[in-house]
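Participant: Mind looking over this structure? Questions follow.
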Amino acid sequence: MSVTAAATDEQGTAGDPTAVPAARLADLVGDRADGWDRAGVLPVDLLRGLGADGLLCAEVPVEHGGLGWTSLANGGFTAHTGGLCSSLRSVQTSQGMAAWTVQRLGERAQRAEYLRRLTGGELAAVGFSEPHAGSDLAAMSTTIRQDGDSVVVDGHKVWVTAAAYADLVVVFGRYSEGGGAAVVVPVGSPGVRVERVADPLGCRAAGHAEVFLDSVRVPSSAVLGAGAGLGLLVASALAYGRKSVAWGCVGILRACRDAAVRHAATREQFGKPLAEHQLVARHLAELVTGAHVATLLCEHASRCWDSGSPESVISTLLAKNESARLAARGAAAAVQVLASAGARDGHVVARAFRDAKLMEIIEGSTEMCQVLLAEHAVRALG
Ligand code: FAD
């Protein structure tokens, strides 16, 4: 069965709108993901093409040039991307997070302008993290200062996924009139400098970069959510990022499961296939279970988004936390099953092993997700 067929079958959504784009994406990526990973770069024409087809932020409503997919449909598509290439999925997550931020925090005219651009081939990244504000985003020191009809942005963002490809960066910071804000900064503006992160552990082609903002002046019409609490603004954007990363982890788990099962079924040691050695079979069982559990958690979270359920936030946290943990564990198990056959660059499980570990760090580390889940549990007691 082809990768595409497997992905669409597992969603149980035969005939859904993602089937044709998923098949096309599988063709476009082909066996190139490893080369992109080694080179540390994705083809920009591919990114722009996917962007112009609306596929990097497919939940954007049709009225704004998007595909208007449900969260569930886009989640399945994101898993498909994640199974092919986590760097590409990372770019998709950043674009989706930028679009969601505009959708949630923007006024009507801002939504009309920016969403059209984000579904028209322009690429975007989102900057929260700073040298002294990682898990603790309340420590952010970037400032967005009102000055007549403009705002002036000063700050330093780190590890901004996709910034190396981006036309626009959505920058979060403190707003001079009180509270926080996000501002859409064109990367070509005077005062913006983008420097690639050298040699990332994984998702090596995702275009991670530091973004330096030195007295960058943009029109006030680029400011989103002015004056709202910084924590609220950030939480809104992060929620989308978590959901997207969680679905990406589903893709990693499926790819690792398939590679491990294929290898264990064909490689013989001690006169029988590896899969018939019970300790190896246990790894396979954990991979099968992990992929299934992560899928169910992500489907639940996306259904909550699609129905506007108040459970969206917590179900997304659950999905992200558990899918990332399962992906990191599952990728390690897949490398163990393949052993020397998977212990080098160029094998999908080796790439997954490096990529999956990062999923436990981004969009709220495993520890921060656990802290939030525990807080929720205590609050729920009343
Ligand atoms: P720290 O905050 O220094 O934490 C170090 C360790 O301590 C972690 O294990 C953390 O979980 C733990 N820890 C910290 N505080 C607590 C606590 N209160 N309780 C328990 N444990 C705690 N940022 C962006 O703005 N945009 C992006 O697109 C983006 N993409 C990224 C992509 C990658 C591949 C990576 C690696 C990072 C990316 N980041 C991005 C940054 C990312 O969000 C941060 O790395 C993350 O928030 C953790 O911050 P930190 O690295 O500074 O770790």
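Please treat every number below as a calculation from the coordinates, not as lab data. Keep in mind that what you see is a predicted model, and the values were worked out from it rather than measured. When we count neighbours, we look across all protein chains shown, and the Cβ atoms used for this are built from the backbone with ideal geometry, even at glycine.
Participant: Between ALA377 and ARG108, what is the label-point separation in nm under the 7 Å Cα-to-beta-carbon projection?
Facilitator: Going from the ARG108 label point to the ALA377 one covers 4.6 nm.
Participant: Roughly how big is segment 17-110's charge dipole about its Cα centre, with Cβ charges of +1 (Lys, Arg) and -1 (Asp, Glu), in debye to the nearest 20?
Facilitator: Charge dipole, segment 17-110, about its Cα centre: 120 debye, nearest 20.
Participant: Per q in 0.11, 0.13, 0.19 1/Å, what log10 I(q)/I(0) does a Debye calculation on the alpha-carbon atoms of segment 3-118 return?
Facilitator: Taken in order of the listed q values, log10 I(q)/I(0) reads -0.36, -0.49, -0.99.
Participant: Okay, moving on. I need the calculated FRET efficiency for the pair SER176 and ASP149, taking r as the beta carbon distance and R₀ as 22 Å, to the nearest 0.05.
Facilitator: 0.95
Participant: If I model segment 182-226 as equal point scatterers sitting on the Cα atoms and use the Debye formula, what is log10 I(q)/I(0) at q = 0.17, 0.20 Å⁻¹?
Facilitator: Once normalised to I(0) and log-transformed, intensities are -0.60, -0.73.
Participant: Additional query: Over segment 232-381, what is the mean sequence separation of C-alpha contacts under 8 Å (at least six apart), divided by residue count, expressed as relative contact order in percent?
Facilitator: Over segment 232-381, the number comes to 31 percent.
Participant: Let me ask something else about it. About the Cα centre, and with charges only on the beta carbon of Lys, Arg (+1) and Asp, Glu (-1), how big is the dipole of the chain? Nearest 20 debye, please.
Facilitator: The calculation lands at about 500 debye.
Participant: Given the options SER340, GLY127, LEU326, identify the residue whose Cα lies farthest towards the positive end of the charge dipole of the chain (+1 on Cβ of Lys, Arg; -1 on Cβ of Asp, Glu).
Facilitator: SER340
Participant: Here is a further query. Skipping prolines and chain starts, which residues have an amide H placed within reach, meaning under 5 Å, of the one on VAL126, given they are 5 or more residues away or on another chain?
Facilitator: Amide H neighbours of VAL126, under 5 Å, 5+ apart: THR161, VAL170.
Participant: Taking only the alpha-carbon positions of segment 124-228 and ignoring solvent, what does the Debye formula give for the base-10 log of I(q)/I(0) at q = 0.18, 0.20 Å⁻¹?
Facilitator: After summing over all Cα pairs, the log10 values are -0.78, -0.95.
Participant: Rounded to the nearest 0.05, what FRET efficiency do ASP27 and ASP345 give with R0 = 25 Å and r taken as the Cβ-Cβ distance? Could you check?
Facilitator: Plugging the Cβ-Cβ distance into 1/(1 + (r/R0)^6) gives 0.55.
Participant: Each residue of segment 162-172 in order: what ³J(HN,Hα) in whole Hz does its phi give by Karplus 6.51 cos²θ - 1.76 cosθ + 1.60, θ = phi - 60°, with x for Gly and Pro?
Facilitator: 6, 4, 5, 9, 6, 8, 10, 10, 8, 10, 9
Participant: How large is the Kirkwood hydrodynamic radius of segment 68-121, counting all unique pairs of alpha carbons, in Å?
Facilitator: Taking the inverse mean of 1/r over all distinct Cα pairs, segment 68-121 comes out at 11.9 Å.
Participant: Also: Do you know the relative contact order of segment 51-110, to the nearest whole percent, from alpha carbon pairs under 8 angstrom that are 6+ apart?
Facilitator: 31 percent
Participant: Given the options TRP305, ALA264, CYS369, identify the residue whose Cα lies farthest towards the positive end of the charge dipole of segment 232-381 (+1 on Cβ of Lys, Arg; -1 on Cβ of Asp, Glu).
Facilitator: About the Cα centre, the residue reaching furthest to the positive side is ALA264.
Participant: If you average the sequence gap of Cα pairs under 8 Å that are 6 or more apart and divide by the length of the chain, what percent do you get for the contact order?
Facilitator: Computed over the chain, the figure is 16 percent.
Participant: Rounded to the nearest 500, what is the 222 nm mean residue ellipticity of the chain from helices alone, with -39500 (n - 2.57) per DSSP H run of 4+ residues and division by all residues?
Facilitator: It comes out at -17500 deg cm²/dmol, rounded to the nearest 500.
Participant: OK, next. If one computes the Cα centroid of segment 154-195 and of segment 236-290, what distance in Å separates the two points?
Facilitator: 37 Å
Participant: What number does segment 232-381 give for Rg over Rh if you use C-alpha atoms and the Kirkwood radius?
Facilitator: Looking at segment 232-381, the ratio lands at 1.06.
Participant: Further question: Can you give me the distance in nm between label points at SER215 and ALA39, each placed 7 Å from the Cα along the Cα-to-Cβ direction?
Facilitator: Those two pseudo-labels are separated by 3.9 nm.
Participant: If you build the convex hull over the alpha carbons only and average its shadow over all orientations, what do you get for the chain? Give it in nm² to one decimal.
Facilitator: If I average the Cα hull's projected area over directions, I get 18.9 nm².
Participant: Any idea which of ALA239, ALA275, ALA222 is furthest toward the positive side of the dipole for segment 175-299, if Lys and Arg beta-carbons carry +1 and Asp and Glu beta-carbons -1?
Facilitator: Result: ALA275.
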